[in-house]
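Everything below concerns the one structure shown next.
The values are calculated or read from the model by the stated rules, or taken from the named source; none is laboratory data. Computed from a predicted model, the values in this text were never measured in an experiment. Don't worry about glycine lacking a Cβ; one is built from the backbone with ideal geometry, like all the others, and counts go over all protein chains shown.
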Amino acid sequence: MTRKQPSKISTGYGLPKNKKIKTYILDGIASRSFTDALPSENKLADFFSVSRMTARKAMDELEREGHITRVNGKGSFVKKQKHYSGFFRVRPFKLWAQDLNVTPSTEVIKVGVVEASGQVARVLGFPDQVTLIKRLNFFDDVPVRYAVHYLRTEIAAGILMDDLENESIYELLANKYRVDLTRISQDLMAVSLSKEIADIFNVQTGYPAFHFKRTEFSNDNPVCYVEYYMRGETSFRDVFSPRLDRSLRHE
């Protein structure tokens, strides 16, 4: 299966480009998404579709303000390192595949930092930048689930640097970013796919599917909004477990 490369981050509107980068780094530090090494200036420039000079200006400000340190030949680093513990885990997609004895794979269609739309802002109560992740999941190279995640940027800014083709977003949130997912609210509808979504699945318009709308909470605060489309003939199982992999604890 041919993999598509993730698209660049959309800088959105409202802030100068160097301020967007600065906000992204500060959100990651505040949420403990970034605890050690930070993205290089070249990577930040690529992610935000800006010049390296713009990325350097943002990092210069962060260094002057005491948020980061720089080491010649090694890069930029967070000054302090702390971790929070999470405890709620959603069953990873790969375990669904084990139930069906099929081979799972994931294609990252788009990642970025974008301005929250009206609906997303209302659901998350967060009218600012959000982290966007669009992925297409496959069973034996057949597309079976399209997922669009919107996360509050301060909870896991570093997730854009993770291996999103091979890692579960929920495992990352619980085990790496220490996000306490305490409640999930979910709506499910049987739908006929629009042309836009049908094209993603490479099926005809009107193909039967399930449409999920899920809001995830941490201590009653909405932190992530997800929309899923599942092929109508696909068998699946959701399991929610309030457990954290102890091997990954940092306490």
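Go through the range 200-220 and give me each residue that's assigned to a strand (DSSP E or B) and either of a type in the set (Ser, Thr, Tyr) or surrounded by 15 or more Cβ atoms within 10 Å (Cβ to Cβ) (or both).
ALA209, PHE210, HIS211, PHE212, LYS213, ARG214, THR215, GLU216, PHE217, SER218
Which of the strands (runs of 3 or more DSSP E) contained wholly in the range 23-119 include at least 1 residues that are at pLDDT 80 or above, farther than 20 Å from ILE159 by Cβ and not assigned by TED's automatic domain parsing to the domain that holds ASN166?
Qualifying strands (runs of 3 or more DSSP E): 68-71.
Of all residues in the range 143-199, which are over 27 Å from ASP46 (Cβ atoms), small (Gly, Ala, Ser) and surrounded by fewer than 21 Cβ atoms within 10 Å (Cβ to Cβ)?
SER185, ALA190, SER192, SER194, ALA198
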